[in-house]
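Participant: Handing you a structure now.
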Amino acid sequence: MSLQERIEELKDVHQNLEKALDSETHRAHPDDLQIASIKKKKLAIKDEIVSLETQAPTH
């Protein structure tokens, strides 16, 4: 898998986590622990994306 493919894969995961977060926050009784967990995962993914993008060659 190329670096760019990995970045795209991580962006997809990040987007799916965003959807999960949106879904959880709009529930009648949102689970604060679940929300915190999703946010933590999103941040870790975003950090990895930024790290990989700094390694990616620019065209």
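Read-outs: derived from the displayed coordinates by stated rules, not from any lab. Note that the structure is a prediction, hence the values are computed from the model and not measured. Neighbour counts run over all protein chains shown; Cβ positions are idealised from the backbone, glycine included.
Participant: Calculated FRET efficiency, E9 and A36, Cβ-Cβ r, R0 25 Å, to nearest 0.05? Let's see the in-between values first.
Facilitator: Details: r = 24 Å, r/R0 = 0.97.
So the FRET efficiency works out to roughly 0.55.
Participant: Also, quick follow-up: Okay, helix-only estimate at 222 nm for the chain: each DSSP H run of n ≥ 4 adds -39500 (n - 2.57), divide by all residues, round to 500 deg cm²/dmol; what do you get? Let's see the in-between values first.
Facilitator: Working: 2 runs with 47 residues, N = 59.
That calculation yields -28000 deg cm²/dmol at 222 nm.
Participant: Further, regarding this structure: Report the trypsin sites (Lys or Arg not before Pro) located in the chain that are in a DSSP loop and have at most 11 other Cβ atoms inside 10 Å of their Cβ, or state none.
Facilitator: Values: sites: R6, K11, K19, R27, K39, K40, K41, K42, K46; in loops: R27.
Answer in residue order: R27.
Participant: Another one. Calculate how steeply helix 32-55 sits against the longest principal axis of the alpha-carbon atoms of the chain, using the helix alpha-carbon long axis, and give the answer as 0 to 90 degrees to the nearest 10.
Facilitator: With rounding to tens, the tilt is 10 degrees.
Participant: Follow-up. Percent of alpha carbon pairs in the chain separated by more than 14 Å?
Facilitator: 60 percent
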